[in-house]
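In what follows, a single structure is set out as structure tokens and then discussed.
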Amino acid sequence: MYGLQPQGFLLRFEPLVGGEKVIDIPCDASGQVNLDALAEADRNAYLYARAVRHERFEVSVVLAQCF
């Protein structure tokens, strides 16, 4: 039987307040984000979440994507 294998990682920002959505950004296993590889919308969302993370988002966590 085959198990789910990680295919990549996401840096997840969970909202602390209503009206915000979860923000998932592609990253490496240590949570490093390659800004140059992101689409403009993802880059803007990432920079926003980092700027307001303790006021509008929880501390980010790294998640393994499994397919």
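Quick notes on this structure:
- Against the chain, whose longest principal axis comes from its Cα atoms, helix 40-51 is set at around 60 degrees.
- Surface per residue (accessible, 1.4 Å probe) for the chain, Å²: 72 Å²
- Across the chain, the relative contact order, built from alpha-carbon pairs under 8 Å that are at least six residues apart, equals 50 percent.
- Segment Ala37-Val22, length gained on full extension (0.36 nm per residue, minus Cα span): 3.4 nm
- Here the Kirkwood formula, the inverse mean of 1/r across different C-alpha pairs, assigns the chain a hydrodynamic radius of 12.6 Å.
- Of all accessible heavy-atom area on the chain, the percent that carbon and sulfur account for (1.4 Å): 52 percent
The values are calculated or read from the model by the stated rules, or taken from the named source; none is laboratory data. Since this is a predicted model, take the numbers as computed values, not measurements. Protein only, heavy atoms only, side chains kept; ligands, DNA and RNA dropped before computing areas. Shrake-Rupley method; radii C 1.70, N 1.55, O 1.52, S 1.80 Å.
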